[in-house]
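Just dropping this structure here.
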Amino acid sequence: MAEENPPDWHLYFFSGSILLINTIFLKFSFSWPWGSESFTLGVMGLIGLTMWYVSWYRFTFKRRGLVPWLDLWKNPESSAKKLFLFSFFIFIISYLLGKNKLFFPDPTSLIFSLIALLTFIQATYVFLSVTILSDD
């Protein structure tokens, strides 16, 4: 399923890293177009996370796209278990960030919770598709 010439993932990874480093540590922002520097900083952080996701997708599946279709997975059942663990780990990080704030922006815990829920839903879908709901 991989493309003949896999797309480059490096640009997305490094651009996303720069945006996330700015969001977490440097906090360089501007107030336009929303009139709020913190909102612009949050948008930059979300764009950075999105770029990291695109980078991961291109690195993992060696193709363009955004949706990890089930037929792209080499071993869906074990991958679903790993994805369950990842979502649980992200939930724990989200809880700790919400409780202790540290140096992250306020809505970071909310964003991490959203990521954890989406990965949990994906893992549930994959696990059910290859076990209980499978045609085999």
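Using the Kirkwood radius built from alpha carbon pairs, what does the Stokes-Einstein equation give as D for the chain at 25 °C and 0.890 mPa s, in µm² per second?
Diffusion coefficient, whole number: 147 µm²/s.
What residue among Val126, Val67, Val54 has the largest mean-square fluctuation in a Gaussian network model of the chain, using Cα springs under 10 Å?
Greatest mean-square fluctuation among the candidates belongs to Val67.
Hey, another quick one. For helix 76-100, report the angle its Cα long axis makes with the longest principal axis of the Cα atoms of the chain; keep it between 0 and 90° and round to the nearest 10°.
Roughly 20 degrees, rounded to the nearest 10.
For the range 68-136, what mean projected area does the convex hull of the alpha carbons give, in nm²?
Projected over every direction and averaged, the Cα hull of the range 68-136 covers 5.1 nm².
Moving to a separate point now. Over the chain, what is the mean sequence separation of C-alpha contacts under 8 Å (at least six apart), divided by residue count, expressed as relative contact order in percent?
24
Under a no-solvent Debye model with one identical scatterer per Cα of the range 1-66, what's log10 I(q)/I(0) at q = 0.16, 0.17, 0.22, 0.28 Å⁻¹?
Scattering profile of the range 1-66, log10 relative to I(0): -0.56, -0.61, -0.81, -1.06.
Report the local net charge at Gly16: Lys and Arg +1, Asp and Glu -1, summed over other residues whose C-beta lies under 14 Å from its C-beta.
Local charge sum for Gly16: 0.
Report the charge-dipole magnitude of the chain in Debye, nearest 20, computed about the Cα centre from +1 at each Lys and Arg Cβ and -1 at each Asp and Glu Cβ.
So the magnitude is around 380 debye.
Cut-off under 22 Å on the C-alpha distance; same-chain residues fewer than 8 positions from Lys99 excluded. Which lysines are left, in chain and number order?
By straight Cα distance, Lys99 reaches Lys27.
Using only the alpha-carbon atoms, how far is helix 37-61 inclined from the longest principal axis of the chain? Give it as 0 to 90 degrees, nearest 10.
Around 30 degrees separate the two axes.
No value in this document is a laboratory result; all are computed from the given coordinates. Just so we're clear, the structure is a prediction, and the values are computed from it rather than from any experiment. Every residue, glycine among them, receives a Cβ derived from its backbone with ideal geometry; neighbour counts consider all protein chains shown.
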